[in-house]
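Scroll down for the structure; my scribbles are underneath it.
Every read-out reported here was derived from the displayed coordinates using simple, explicitly stated rules and does not represent laboratory data. Model, not experiment: these values are computed from the prediction. For neighbour counting, all protein chains shown are included, and Cβ atoms are generated from backbone atoms with ideal geometry for every residue, glycine included.
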């Protein structure tokens with residue numbers, strides 16, 4: 001039976017960043033991915049936004065790791081020739097009733113020490129974006145877009161260059177602790193065409209919205225340490241024709257998400273979304289990723305609050321993604337959760353739960369934070 005230092009489950013953007021960090025630290029690492037390619041689920045179904053860390057509660061992991069991750073991601077992309085577009089973002093108060101909310105967002109951003117963010121007047125915002133309707137806005141200069149596929153490909157290359165190995169179509173079937181409190185590591189039963197068994201000292205669950213389901217396969221892990229997965233679908237509509245905006249445009253956030261916002265891809269093409277559609281399902285396999293064209297009616301209404309010039313018939317159903325949530329609908333947004341030996345007493349096991357946005361932005365910072373937790377054991 002093959003024995004390695006570390007096994008990482010899930011080759012999305014967080015799993016790739018974590019696996020690369022483990023390999024760079026000199027650990028013999030295998031990355032398991034149930035699909036036939038990396039980054040095909042949530043990491044392929046998002047806005048590709050590099051977030052600034054504006055919205056998250058003070059001292060939360062999301063705030064800390066997003067702000068640090070923003071800096072690290074831009075640095076990484078510059079040094080590894082991964083494309084980014086630092087468009088900047090405007091968060092807009094569509095009318096006077098939203099001014100207090102906008103001020104509260106600025107206060108939260110300042111508490112988080114978000115760099116390069118300021119309040120501007122409606123006239124200043126309109127001078128930047130003539131088609132925009134608002135009474136005031138926050139301008140965030142460090143918000144941008146990253147070529148997420150190019151970024152993940154680069155992370156994978158760095159992982160393999162450091163001696164790591166990725167195994168596709170290799171789902172985890174079972175993990176059995178070896179010794180009391182897994183003091184001798186874990187024996188893993190891996191599915192797939194060939195199947196295999198591996199012994200590992202470190203087992204890191206980075207399976208995104210499947211992380212709770214993966215945790216159920218780990219023997220000896222108490223149910224109290226496995227959160228319930230909730231599925232919040234986000235639908236996107238693309239804009240036909242040229243975008244009139246050169247910044248990302250965000251409304252005041254709504255429950256479960258950041259509101260129907262306008263983002264730009266690497267080529268400057270505009271899309272709107274995601275909205276929040278809570279799915280009444282129990283398992284990831286039940287997700288239907290098709291976008292219902294009827295949801296476009298709500299998109300027109302939401303977007304016209306800040307872009308009244310949006311013409312009928314110019315929004316087309318595009319794609320959807322599902323957030324890795326571990327909090328129920330209508331509850332405050334959850335934080336990133338690193339559930340490790342300090343919590344569950346199984347040595348060498350780390351389950352990463354609730355790694356929705358800003359997981360992409362925070363990915364390198366997440367990997368470095370996890371490495372610090374491992375060394376502190």
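Side notes on the structure shown:
- Qualifying residue in the range 51-74 (condition: in a loop (DSSP other than H, G, I, E, B) and within 19 Å of residue 154 (Cα to Cα)): no
- Where helices (runs of 4 or more DSSP H) sit wholly within the range 288-377, those with at least 2 residues that are crowded, with 23+ Cβ neighbours inside 10 Å and out of contact with any strand residue (DSSP E or B) (no Cβ under 6 Å at 6 or more places or on another chain) occupy 359-375.
- Filtered by the rule that a residue be part of a loop (DSSP other than H, G, I, E, B), over 12 Å from residue 303 (Cα atoms) and under 20 Å from the mean Cα position of the chain (by Cα), the range 233-273 gives 253, 255, 256, 258, 265, 266.
- Where helices (runs of 4 or more DSSP H) sit wholly within the range 97-200, those with at least 3 residues that are in contact (Cβ under 8 Å) with a residue 12 or more places away in the chain, surrounded by 21 or more Cβ atoms within 10 Å (Cβ to Cβ) and in contact with a helix residue (DSSP H, G or I) (Cβ under 8 Å, 6 or more places away or on another chain) occupy 148-161.
- Tally, over the range 23-61, of residues that are under 21 Å from residue 374 (Cβ atoms) and crowded, with 24+ Cβ neighbours inside 10 Å: 5
- Any chance residue 329 is over 22 Å from residue 148 (Cα atoms), touching a residue at least 12 places away in the same chain (Cβ under 8 Å) and over 18 Å from the mean Cα position of the chain (by Cα): yes
- Residue that is crowded, with 23+ Cβ neighbours inside 10 Å and either out of contact with any strand residue (DSSP E or B) (no Cβ under 6 Å at 6 or more places or on another chain) or in contact (Cβ under 8 Å) with a residue 12 or more places away in the chain (or both), where the choices are 89, 64: 89
- The one condition in (1) touching a residue at least 60 places away in the same chain (Cβ under 8 Å); (2) under 16 Å from residue 16 (Cβ atoms) that residue 40 fails to fulfil: (1)
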